[in-house]
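The values are calculated or read from the model by the stated rules, or taken from the named source; none is laboratory data. The model shown is predicted, which means the values in this text are computed figures rather than measured ones. Don't worry about glycine lacking a Cβ; one is built from the backbone with ideal geometry, like all the others, and counts go over all protein chains shown. For accessibility, only protein heavy atoms count, side chains too; no ligands or nucleic acids. Shrake-Rupley method; radii C 1.70, N 1.55, O 1.52, S 1.80 Å.
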Amino acid sequence: MESQSSVIIRNYDKQSLKLVDVISGISPNAMRRVFGGWIFFAAVVGVIVSVAPDLSAQFIGLTLFVLVAFTLIMFGQSRITEGWPAIICDNDYIGVVRDPVKREYICVRSALVKDAKPTLIKPNKKAIEIMLDSEQLLANDKELLNQAVWPREHSLIGLAHFKKREEACDSLMWCVKHRGAR
């Protein structure tokens, strides 16, 4: 039963992912800015290539095709409305992404979280290590933790994107104290 488990794997849909607090990851606003920047860049390159002298029609057509194809691929990802959250707070659960395409998260009850500290994943990925109370972990919980992207015995590791790791750790601990206390 999900309500009894301290560690669970949860799948979210687009709508439910909008209701959680994103602690770390790429927010929808950042995705919109990136997409807007890409549209501007593609338009400028398209105009420059179109009006440049002595370019073949084949080169101009291929360039415009590539720009349009990349734009459609970016838009087709459909992440403009939800972003790419890496670490989330969902009421009394803290979640770390396991499969971003499936919107699948390994979630731990806030009561299990002892601390959060900045860390690095070799060679140079900035991350947050969520320290868990190992005395409260059951064998089944440890099995689920081993299914994480970066499995650890008594912690959960999530990437820190576009936010200082220290600030993300503070946000996570605030969430644990205030959201988990409900």
Any idea which of (1) touching a strand residue (DSSP E or B) at 6+ places or on another chain (Cβ under 8 Å); (2) open to solvent by less than 70 Å² (accessible area, probe 1.4 Å) is the one VAL49 doesn't satisfy?
-> (1)
Regarding PRO123, is this residue free of Cβ contacts under 8 Å to residues at least 12 places away in the same chain and in contact with a helix residue (DSSP H, G or I) (Cβ under 7 Å, 6 or more places away or on another chain)?
-> no
Considering only residues of segment 52-76 that are among the hydrophobic types (A, V, I, L, M, F, W, C) and farther than 30 Å from LYS102 by Cβ, which is most open to solvent (accessible area, probe 1.4 Å)?
-> PHE65
Which one of ARG33, ARG79 is under 31 Å from the mean Cα position of the chain (by Cα) and open to solvent by 100 Å² or more (accessible area, probe 1.4 Å)?
-> ARG33
Give GLY180, GLY76 a once-over and let me know the one that is touching an Asp or Glu at 6+ places or on another chain (Cβ under 7 Å) and at pLDDT below 85.
-> GLY180
From (1) under 24 Å from MET74 (Cβ atoms); (2) open to solvent by less than 70 Å² (accessible area, probe 1.4 Å), pick out the condition that doesn't hold for LYS14.
-> (2)
Contact list, first residue from segment 38-62 and touching a residue at least 40 places away in the same chain (Cβ under 8 Å), second anywhere and open to solvent by 100 Å² or more (accessible area, probe 1.4 Å) and of a type outside the set (Phe, Trp, Tyr), beta-carbon distance below 6 Å, six or more apart or interchain, is none
